[in-house]
1. Could you tell me what percent of the DSSP beta bridges with both partners in the range 37-138 are antiparallel, to the nearest 5?
2. Angle between the Cα long axis of helix 321-331 and the longest principal axis of the chain, 0 to 90 degrees, nearest 10?
3. Which is farthest toward the positive dipole end of the range 185-237 among Y185, I202, L213, measuring Cα position about the Cα centre, with Cβ charges +1 (Lys, Arg) and -1 (Asp, Glu)?
4. If each DSSP helix of 4+ residues adds -39,500 (n - 2.57) and the sum is divided by the residues in the chain, what number results at 222 nm, nearest 500 deg cm²/dmol?
5. Just need log10 I(q)/I(0) for the range 63-150 at q = 0.11, 0.17, 0.18, 0.21 Å⁻¹, Debye formula, equal scatterers on the alpha-carbon atoms, no solvent, rounded to two decimals.
6. Compute, for the range 200-274, the length of the dipole vector about the Cα centre, with Cβ point charges of +1 (Lys, Arg) and -1 (Asp, Glu) only. Units Debye, rounded to 20.
7. Testing the spin-label approximation: label points 7 Å from Cα along Cα→Cβ at A439 and E425. State their distance in nm.
8. Restricting to DSSP loop positions (anything but H, G, I, E, B) with no more than 13 other Cβ atoms inside 10 Å of their own Cβ, which trypsin sites (Lys or Arg not before Pro) remain in the range 184-236?
Amino acid sequence: MRLTRYFLPVLKENPAEAQIVSHRFMLRAGMIKQQAAGIYSWLPLGYRVLRRIEEIVHEEQQRAGHIPLLMPTLQPADLWRESGRYDDYGQEMLRIRDRHERDMLYGPTNEEMITDIFRSHVSSYRDLPLTLYHIQWKFRDEIRPRFGVMRGREFYMKDGYNFDIDKEAALHAYNRHMVSYLRTYERMGLTAIPMRADSGPIGGDDTHEFLVLAATGESEVFYDDAVTGLRLGDRRIDYDDRDQVAAVCREFTSLYARTDETHDEAAFAAVPEDRRKVGRGIEVGQIFYFGTKYSEPMGATVVTAEGNRVPVHMGSHGIGVSRLLGAIIEASHDDRGIIWPEGVTPFQAGIVNLRQGDGACDVACDAMLAALEAKGLTALYDDRDERAGAKFATMDLIGLPWRVTVGPRGLANGKVELTSRRSGESEEMTPEAAVDRLAQIYAGR
Ligand code: P5A
């Protein structure tokens, strides 16, 4: 992609309304534009990252055996009257009346709707276990939308719902979600720690939140520092193997890690003092097991092998897809801008032409762009008629992990420069070697 043909409205000045670094960089890098409090347009660069994050979430959900579908944003109020949540949900719910005076709402979550789908089509234990999910816009009329996409009113969520025959099977679904979430966040370059939490308006007894440690996080967290070193890595997981999945969950939840809602001073005091940490975190996901809370009042039942009709056991599981952009930036930036992890970057490489209009430089940059794209890599070529300093500043701000710099001096020796945004280290090499190196870095991503 050539920058002169792209739409990247970067801002020179720091926007006054942005209180935290991720919000500031997302506005400055031309990723989002606020349309109303907590409601944003996703400009091309932001939209690319959103799509990348969404892709990773889809891949990991389907790897775990979960099935995608798509439910609407608007829901009839009657479904929520059946579960009893229509009145309970309060002012966070955006209520709408259509031309026929029917009560509707903009979905803040979809437990009722998915339960309605289930009860309409499933009636036998043979169709279980079943986990359905979608990635869809939600609306919560937050009292204090702030920090950009971090606490929006309209936001993008992956929400999944499991249907199981009994509690044991539903807890396996819970564990499966925990492990698939760990893998999802790791692929985005994040360390997200599962912490025992409070279930709030979703309900149920078992719930974990996933927190990314960051000074600007909205939640206060208490944890054993050893938990920050745990990694799933590339170990093979058989999502049908209940024991293996449960063992991974135990590994990630045995050390003390809680939010302020469930914090227990006495248990915390048992953590060795030098590992006892109090900090802040960004909640990027939450999983719940709530048994028959929705299936019972809404009549979502199946007939068992013995011929009894029983309500199904359910849980719901959410990832804050749009919030993740903010969380990743909070966790990965420097003074000059964003540093995208390779897994989510909007373009895999940037190309900077140090002397636009110079025949050899222009030809070499065009060739570099074509060679990268031929290898299936995405690149943004800064072909503007600008000073080198301005081009570097833009690349640093938008945070592409790798930059290829093409200038007359290097080209005279047949070389370009490959620079890591994270380490700042540069290496001179032939254009072919730079393309090969990038292909290697991104192999399998
Ligand atoms: C689980 C899925 C639920 O709603 N029902 C369906 C359950 N959980 S939750 O914790 O309330 O939300 C899931 C994740 O969505 C993100 N999130 C938000 N992101 C941006 N702005 C908001 N206002 C907002 N509210 C929730 C969080 O990442 C949360 O973990």
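The values are calculated or read from the model by the stated rules, or taken from the named source; none is laboratory data. Since this is a predicted model, take the numbers as computed values, not measurements. For neighbour counting, all protein chains shown are included, and Cβ atoms are generated from backbone atoms with ideal geometry for every residue, glycine included. Please note that ligands, DNA and RNA were not included when accessible areas were found on the heavy atoms of the full protein model with its side chains. Shrake-Rupley method; radii C 1.70, N 1.55, O 1.52, S 1.80 Å.
1. On the way: 7 of 9 bridges.
In the range 37-138, approximately 80 percent of DSSP beta bridges are antiparallel ones.
2. Around 50 degrees separate the two axes.
3. Y185
4. Numbers: 14 runs with 146 residues, N = 445.
Per the formula, -10000 deg cm²/dmol.
5. The calculated log intensity ratios at q = 0.11, 0.17, 0.18, 0.21 Å⁻¹ are -0.39, -0.85, -0.92, -1.10.
6. On the way: 6 positive and 19 negative charges, 69 e Å.
Once rounded to the nearest 20, the dipole reads 340 debye.
7. Going by the 7 Å Cα→Cβ label model, 2.3 nm.
8. Values: sites: R187, R196, R231, R235, R236; in loops: R231, R235, R236.
Qualifying residues, ordered by number: R231, R235, R236.
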